Amino acid sequence: MNKLCRYFICSLVAVVISSGFTCITADEVYLTNGDRVTGEIVSMSEGRLVVKTSFADEIGIKWGEIADIKTDKNIAVLLSDNTLIRGNLQGIEKGNFRLRSDKVAEPVSVTMADIVSINPPDEPPVKIKAVANMGVTFTSGNTEKDTIHFDGESIAITEKNRYTAGGQLNRGEDNGTKTESNSLGYLKYDHFLSEKWFAYANSLFEKDRFKDLSLRSVLG
């Protein structure tokens with residue numbers, strides 16, 4: 001009985017001691033004004049860091065107001081060259097963040113400007129839209145007139161890009177004589193810089209037998 005009591009007491013003491021040394025880890029964000037925020041880093045995009053805290057749920061911090069970051073768990077860091085590194089930030093050294101990843105032996109040194117986003121959302125699947133139209137007419141009697149028209153367009157959209165390709169074709173005959181023969185195709189690329197601004201490039205290729213256009217191209 002005494003041995004059982006001693007075993008129970010020793011076990012209880014061990015639990016108490018181990019509990020006393022248990023520490024709750026969290027991400028740490030140090031601000032330029034000297035404040036410190038602890039919690040879980042949720043994300044960073046468009047110059048705003050989101051931290052989930054125990055006292056105010058999620059809060060937003062301007063990226064320029066951050067002096068240092070230390071993360072307890074691995075996060076995904078997207079750099080300006082589109083490199084995605086999974087690791088933990090170990091603070092600033094010589095003005096640069098130290099980013100440790102399991103894939104490299106030594107921590108990677110990156111500046112604040114190098115970091116485009118933290119925990120970026122997964123790239124959404126490509127959305128594809130396509131439309132096609134075709135019209136055919138045949139007229140017979142005193143005159144025979146045939147016309148064919150076809151046009152189509154397909155659009156592929158991702159979060160930041162849109163790709164468009166399309167074209168049309170026209171053919172026509174009147175009493176066995178060709179009266180219409182033309183076609184055109186176009187390509188367009190849009191890159192979304194923000195919700196309001198985007199950059200684009202396009203090209204147009206056109207042929208028309210009756211306008212003496214063997215191939216006209218327009219780039220812009």
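How many of the residues in the range 186-205 are buried (at least 16 other Cβ atoms within 10 Å of the Cβ) and either modelled with pLDDT of 95 or more or closer than 20 Å to Lys145 by Cβ (or both)?
Residues meeting the conditions: 2.
Would you be able to tell me the number of residues in the range 148-185 that are β-branched (Val, Ile, Thr) and buried (at least 16 other Cβ atoms within 10 Å of the Cβ)?
So the count comes out to 3.
From the residues in the range 54-66 that are farther than 16 Å from Ser117 by Cα and loosely packed, with under 15 Cβ neighbours inside 10 Å, which one is modelled with the lowest pLDDT?
By that ranking, first place goes to Ala56.
If you take the residues of the range 67-97 that are of a type in the set (S, T, N, Q) and crowded, with 17+ Cβ neighbours inside 10 Å, which of them is farthest from the chain's Cα centre (by Cα)?
Thr71
For Arg100, all conditions in the list (1) of a type outside the set (A, V, I, L, M, F, W, C); (2) surrounded by 16 or more Cβ atoms within 10 Å (Cβ to Cβ); (3) not assigned by TED's automatic domain parsing to the domain that holds Val50 hold save one; what is the number of the exception?
(3)
The values are calculated or read from the model by the stated rules, or taken from the named source; none is laboratory data. All of these numbers come straight from a predicted model, not from anything done at the bench. Reconstructed Cβ throughout: ideal geometry from the backbone, glycine too, with neighbour counts over all protein chains shown.
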